[in-house]
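J.: Got a structure for you, written out below as structure tokens; questions coming shortly.
The values are calculated or read from the model by the stated rules, or taken from the named source; none is laboratory data. The structure presented is a predicted model; accordingly, all values stated were derived computationally and were not measured. All Cβ positions, glycine included, derive from the backbone under ideal geometry; neighbour counts span all protein chains shown. Areas reflect the complete protein model, heavy atoms only, side chains present, ligands, DNA and RNA absent. Shrake-Rupley method; radii C 1.70, N 1.55, O 1.52, S 1.80 Å.
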Amino acid sequence: MEPALLVDRRDGWTTLSLNRPERLNAFNEELHRLLATALDDIAADEGCRAVLLTGAGRGFCAGQDLADLASTEGPPDFGATIDAFYNPLVRRIRGLRKPVVCAVNGVAAGAGANIALACDIVLAARSAKFIQAFAKIGLVPDSGGTFFPPRLIGDARARALALLGTPLSAETAQAWGLIWRVVDDDALIAEAETLVAHLASQPTQALAWIKEAFNASASHDLDAQLEMERDLQRKAGRTPDYREGARAFMEKRAPRFTGRAE
Ligand code: LHQ
């Protein structure tokens, strides 16, 4: 049997494909464990400078595997499941010091939608849909479902999507600012790969600090954010990639970034 996660290492970046297509890539423990290990490996691998997350088959991810849960005995403790798997996954993606691009190749429902939204740049196939499916089965949004959407599209739209569980088309998701771009279905992976390969050639250390600053911005006031920007810029100004970027600009040539801090 194929593993629940496919890991494809390329030159400078890695593609992670959720691989339980018969269940629209819903999460079971195996998928969670493989994804956690893969993200930890990527974090430790200096040669990997960007990540592409996508799904095998016609869906991106249908959230928690509900059949898997139904097979456990006694009253469930979903809090424990979230502590063990979903919250660490969101933290791994947000905290990874390299950009994570998500190519939402089909439906993204429940935690599957919010894992996509935790990524740094989200592309979606024109046929994809985002569904905050939780309320439809008597649950509440998790994996950042009450954090990312209201910040991206505003409270009114995010709240209604969560309360109603209405599917949101990829085109509306783009128009509302939930995602970066919609791409024709048959062009999605090529476009996502071009984007990730580009990111992998960029000043990785600076991208990590940009990511850190945007993550912090959600809970900072302006003064705190200005000070953080100053501190990060001080560090960025001392990197070899800044020296190379500035020199290449002056010499009117393309920069050759190493991605290294020093
Ligand atoms: C599935 C699933 C699925 C199992 C499709 N599980 N088999 C965290 C921690 C702890 C507890 C609980 O929750 C959470 C977070 C969550 O994510 S809760 C939310 C869980 N997800 C959902 O409620 C979404 C459930 N799925 C759907 O509503 C539909 O499948 C969508 C709208 C995603 C897609 O609809 P269709 O395109 O019509 O496909 P389908 O429904 O026919 O699904 C295809 C197959 O995939 C089907 O199996 P079958 O054997 O009949 O072909 C589904 O049973 C299976 N599948 N989602 N979450």
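J.: Could you tell me whether any residue of the range 244-260 is under 18 Å from the mean Cα position of the chain (by Cα) and outside any helix (DSSP H, G or I)?
T.: no
J.: Just the residues that are of a type in the set (S, T, N, Q) and surrounded by 13 or more Cβ atoms within 10 Å (Cβ to Cβ), please, taken from the range 217-262.
T.: Ser217, Gln225, Gln233, Thr239, Thr258
J.: Filter the range 162-176 for residues that are under 16 Å from Gly63 (Cα atoms) and either more than 13 Å from the ligand (Cβ to nearest atom) or out of contact with any helix residue (DSSP H, G or I) (no Cβ under 8 Å at 6 or more places or on another chain) (or both) and give the result.
T.: Hit for the range 162-176 is Pro167, nothing else.
J.: If you take the residues in the range 121-130 that are in a loop (DSSP other than H, G, I, E, B) and within 14 Å of the ligand (Cβ to nearest atom), which one is farthest from Ile210 (Cα to Cα)?
T.: Among those residues, the one meeting the criterion is Ser127.
J.: Also, quick follow-up: Filtering the range 135-146 down to residues that are in contact with a helix residue (DSSP H, G or I) (Cβ under 7 Å, 6 or more places away or on another chain) and of a type outside the set (S, T, N, Q), which residue is farthest from the ligand (Cβ to nearest atom)?
T.: Residue satisfying both the conditions and the ranking: Gly144.
J.: For the range 1-120, list the helices (runs of 4 or more DSSP H) that sit wholly inside it and hold at least 1 residues that are away from the ligand (no atom under 12 Å from the Cβ) and open to solvent by less than 10 Å² (accessible area, probe 1.4 Å); which are they?
T.: Fully inside the range 1-120 and qualifying: 29-44, 87-95, 111-118.
J.: Still on this structure, please answer the following. In the range 196-215, is there at least one residue being within 21 Å of Leu53 (Cα to Cα), open to solvent by less than 80 Å² (accessible area, probe 1.4 Å), part of a helix (DSSP H, G or I) and in contact with a strand residue (DSSP E or B) (Cβ under 8 Å, 6 or more places away or on another chain)?
T.: Looking for residues that are within 21 Å of Leu53 (Cα to Cα), open to solvent by less than 80 Å² (accessible area, probe 1.4 Å), part of a helix (DSSP H, G or I) and in contact with a strand residue (DSSP E or B) (Cβ under 8 Å, 6 or more places away or on another chain), one finds at least one in the range 196-215, hence yes.
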